[in-house]
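These notes concern the structure reproduced below.
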Amino acid sequence: FVSVEMSLLIKNGTIVNDDSMFKSDVLVLDGKIVEISPSIEPLPGLEIVDATDRLVIPGGIDPHTHMQLPFMGEIAKDDFHRGTEAAVAGGTTMIIDFVIPTKGESLLVAYDRWRGWADPKVVCDYGLSMAITSWGPEVAKEMEMVTKADYGINSFKFFLAYAGVFMVRDEEFYQGMIQCAKLRALARVHAENGAVIAERCEHLLSSGITGPEGHTQSRPEELEAEATFRACTMASQANCPLYVVHVMSKGAAAAIAHHRKKGAVVFGEPIAAGLATDGSHYYHEDWLHAARYVMSPPLSRDPTTPNALMKLLAAGELHLTATDNCTFDCHQKSLGKDDFTKIPNGVNGVEDRMSVVWDKGVHAGIIDPMKFVSVTSTMAAKIFNCYPQKGRIAVGSDADIVIWNDKATRVISKDTHHHAIDFNIFEGMQVHGVPETTICRGRVVWANGQLRTVQGAGRFVPLAPDSQIVFSAVDNRGKALEPVKVERAPYEATSALAAPDANANTVVKTPARTAIPPGGISSIQF
Ligand code: URP
Ligand code: ZN
Ligand code: ZN
């Protein structure tokens, strides 16, 4: 007897995982995939989803969102309800949002606040990452607590920007990464040079540049590249894997590639905005138009950057895509009308990421459908240690599935999107690749252009530390980094060395050198 309650049969589709594509049916029971075979009999009572001529892909995982974030005196408009509705309408079935404690606040208190916001509202599954905005022994202790199963945090983010608000100093970042490595948690970084940005903002404002063009000029790309290089260097010294969020420029990507080539474990995350649009908008004559694109790091002013970032995903130099979805509406943006530093930073993305990556990646001939799956879900699931529960169409995996029409197109617009804001940074863009049906743990939540969601039906996914793809190389690498001590006899000054006599017939013995241990500094330099 097969219970057909909460069961679903997906017929005649082509399954795409990160490593294979094949035609098969998929049977879903009680939220899990229970069978994958070429022809599954449709038992009476099963809900049938026809996927003929469609791709059957793992639901997208967006590992970087900020739903209802209190930031710059405002609260981001997409809350956990509207934000996750926008996600599923776009084919994303899991988000990883950030708990961001205020400076000095207990991590546990902030964690409870975020769970209190998210749990009753989410329409799809979600996990949490946590920002470290101040440092001390209590923070280190609470980091350890939140990596336990009860809390389910396995990554910590450090801001090297937003001076006085979220920013930490280099030595705090370094000590934080030492703690991350000890806890087998992933360090994540917002890499910009916050100190120089603060200086440049003052200079630009005093020169009379108050509009959104000041935002991009206060944050030239080399400040992102410098901070990315510095963060990678410090992570290497701490022997801590690093994940660079929102890689917006070629220079930052090059810094990541440089460290990867030296053997560092570092991941780079471009976002939908950076893959599909550029910083020319900051110079738009219409103030409000320009303000809508204000985010940090800014969109690149080099128009070739979006395509270059996609090619770096194809080449494996960048690794997965996110959105940094943090939405403020026109009214909120207009609070900075006289001073660009007061424009709340953040843009939309969670609804359009999948289509944007398909369009600019697969449709453009830069990546194949398997790589698409890799950069939109599988890599995130592996890095954040919920694979193959998430990020794969396989027996035993959660039934987070999207029926993807790769032939269809849609035009992105504020008039049809599901975000809680009155504009869309991709307005008017026609994209190939449309999520026709979205299934969250076995429930159809988006079909025929309609949402079928239930507030609070999404679950919190605890993320355990020690992800294999993040930490497997770290121990051996650590051996090569162990400090080297030279065993010597106690030093005593000889009369010959103390008072050399050029005429004396003295032989000064050359001391033996301690062999550099195998695997030590002679074999590899990080
Ligand atoms: O401008 C941005 N990116 N806003 C969200 C906060 C952050 O930096 O991730
Ligand atoms: Zn950031
Ligand atoms: Zn962010």
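Assorted remarks:
- Listed residues T327, G116, F22: farthest to the positive end of the dipole of the chain (Cβ charges): F22
- Whether the stretch 90-144 is rounded, prolate or oblate, judged on the alpha carbon gyration tensor where a/c under 1.5 counts as rounded: prolate
- Using a cutoff of 8 angstrom between alpha carbon atoms and counting only pairs six or more residues apart, the relative contact order for the chain works out to 20 percent.
- Under 18 Å from K333, Cα to Cα: aspartates and glutamates that are on another chain or at least 8 residues apart: E74, D78, D79, E213, E285, D286, D324, D422, E427
- Mean Cβ count within 10 Å, highest first, over the residues of peptides 223-229, 207-213, 38-44: 223-229, 207-213, 38-44
- Residues M310, M234, ordered by accessible area of protein heavy atoms at a 1.4 angstrom probe radius and largest first, appear as M234, M310.
- Total charge dipole magnitude, the chain, about the Cα centre, Cβ charges on Lys, Arg, Asp, Glu only, Debye to nearest 20: 1140 debye
- About its Cα centre, the stretch 144-188 has a charge dipole of approximately 160 debye under the convention of +1 per Lys or Arg Cβ and -1 per Asp or Glu Cβ, with nothing else charged.
- Ordered from highest to lowest accessible area with the whole protein assembly present and a 1.4 Å probe, K121, K77, K342, K333 read as K342, K77, K121, K333.
- Positive-end ranking of H258, H363, V139 along the dipole of the chain, with charges on Cβ about the Cα centre, is headed by H258.
- Diffusion coefficient (Stokes-Einstein, Kirkwood radius over C-alpha pairs, 20 °C, 1.002 mPa s) for the stretch 131-236: 144 µm²/s, rounded to a whole number.
- Set of lysines near K261 by C-alpha distance (under 26 Å), chain-local residues within fewer than 8 positions excluded: K157, K182, K250, K311, K371, K382, K479
- Signed unit charges on C-beta, dipole axis of the chain, positive-most listed residue L313, L451, S206: L313
- The ratio of the alpha-carbon radius of gyration of the chain to the globular-protein estimate 2.2 N^0.38 Å is 1.08.
- Set of aspartates and glutamates with alpha-carbon distance to K148 below 15 Å, sequence-local pairs under 8 removed: D112, D466
- Per residue accessible area of the stretch 134-273, 1.4 Å probe, in Å²: 35 Å²
- The spacing between the stretch 22-59 and the stretch 403-419, judged by their C-alpha centroids, is 24 Å.
- Angle in degrees between helix 170-183 and the longest Cα principal axis of the chain, rounded to the nearest 10: 70 degrees
- Rounded to the nearest 10 square angstrom, H246 shows an accessible area of 0 square angstrom against a 1.4 Å probe.
- Whole-number percent relative contact order across the stretch 267-325, with pairs defined as alpha carbons under 8 Å at least 6 apart: 53 percent
The values are calculated or read from the model by the stated rules, or taken from the named source; none is laboratory data. Just so it is clear, the model here is predicted, and its values are computed rather than measured. Counting neighbours? That spans all protein chains shown, and the Cβs are built from the backbone with ideal geometry, glycine included. Quick note on the areas: whole protein, heavy atoms, side chains included, nothing else; ligands and nucleic acids left out. Shrake-Rupley method; radii C 1.70, N 1.55, O 1.52, S 1.80 Å.
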